[in-house]
Amino acid sequence: MKFAERSSSSSSSSSSSSSSSSSSSSSARSGALVGSAQHLLKLSAHHLTNNAQAYVEREAVSTLAQTRQTETTSTVDALATRVLSLESLSVATEAYRKNISAELLRIEAKVQDPIHAGDIAWMMTSTALVLMMTIPGLALFYGGMVRVTNVLSTLMQCFSIVCLITVEWMCVGYSLTFSEGGFVYGDYKRFWLVGMNLTHGHPMAPHIPEPLFVAYELMFAIITPVSPFQLQAKSGRARQ
């Protein structure tokens, strides 16, 4: 009886000891599992944090790259537009330079050769009209104011004056009138029209050749001495 009690007590003590050892081992295992789980959670959290940071960084880099690409594209477009405007400005400047060069060449040619065809044509017409005022204009007019027997002599007198003044004008008249000289009359540089050509004009008429200017002024030198014949013609008509 006592042996049975002892054996039961020993068995109960062994079972309690075994149960306590098993409970301690199970608690140690659970503690290890909890620690490993916490460690895994920490690692997972760290990994997720790293992944989130990497994602954020990638998004920031992508956004920055897109922004830079947009800015670069806009800058390139602006530069292209400016280059096109500069090219158009260069073309316009080149055209303007060509126009200016052509205008300068025209002005230079005009300065070197100021003879103008329109002025030449008008001065030739004016010279012919003034000549017709003298021959036959005044000659026939004065011839009609005298007797029939004196008409021919009046015409010849007018014609003789025209010839005489023409020779005198070419010899000394033009030079003494239009050459540079003293206060009253000119010098002898143009006696017999020496040094005159068709490519240069007189300073008073630079747009026509000087010989044409000589002929035009000659017409007025001719008609001036012919005019006094009006008095002779009137006196002859009064004697009639």
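The values are calculated or read from the model by the stated rules, or taken from the named source; none is laboratory data. Just so it is clear, the structure is predicted and the values come from calculations on it, not from any experiment. Don't worry about glycine lacking a Cβ; one is built from the backbone with ideal geometry, like all the others, and counts go over all protein chains shown. SASA here: full protein model, heavy atoms, side chains in, ligands and nucleic acids out. Shrake-Rupley method; radii C 1.70, N 1.55, O 1.52, S 1.80 Å.
What number of residues within the range 174-191 satisfy the criterion of being in a helix (DSSP H, G or I) and out of contact with any helix residue (DSSP H, G or I) (no Cβ under 6 Å at 6 or more places or on another chain)? Adding up the residues that qualify gives 3. Taken over the range 141-171, the criterion of being among the hydroxyl-bearing types (Ser, Thr, Tyr), within 30 Å of residue 191 (Cα to Cα) and more than 60 Å from the chain's Cα centre (by Cα) is satisfied by 160 alone.
One line per residue, one yes/no per condition, for (1) closer than 30 Å to residue 198 by Cα; (2) modelled with pLDDT of 85 or more; (3) surrounded by 10 or more Cβ atoms within 10 Å (Cβ to Cβ); (4) not acidic (Asp, Glu):
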position: 33; (1), (2), (3), (4): no, no, yes, yes
position: 43; (1), (2), (3), (4): no, no, yes, yes
position: 47; (1), (2), (3), (4): no, no, yes, yes
position: 50; (1), (2), (3), (4): no, no, yes, yes
position: 55; (1), (2), (3), (4): no, no, yes, yes
position: 63; (1), (2), (3), (4): no, yes, yes, yes
position: 73; (1), (2), (3), (4): no, yes, yes, yes
position: 107; (1), (2), (3), (4): yes, no, yes, yes
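Residue count for the range 146-180, restricted to those that are among the charged types (D, E, K, R) and over 21 Å from residue 211 (Cα atoms): 1. Residue 83 falls short on exactly one of the conditions (1) among the aliphatic types (A, V, I, L, M); (2) surrounded by 12 or more Cβ atoms within 10 Å (Cβ to Cβ); (3) modelled with pLDDT of 85 or more, and that condition is (2).
Condition check ((1) open to solvent by 80 Å² or more (accessible area, probe 1.4 Å); (2) at pLDDT 85 or above) across all residues:
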{"position": "183", "(1), (2)": "yes, no"}
{"position": "192", "(1), (2)": "yes, yes"}
{"position": "202", "(1), (2)": "no, no"}
{"position": "208", "(1), (2)": "no, yes"}
{"position": "215", "(1), (2)": "no, yes"}
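Selection over the range 142-167 of residues that are touching a residue at least 24 places away in the same chain (Cβ under 8 Å), in a helix (DSSP H, G or I) and open to solvent by 50 Å² or more (accessible area, probe 1.4 Å) gives a count of 3. Summed over the range 101-140, residues that are within 50 Å of the chain's Cα centre (by Cα) and touching a residue at least 12 places away in the same chain (Cβ under 8 Å) total 12.
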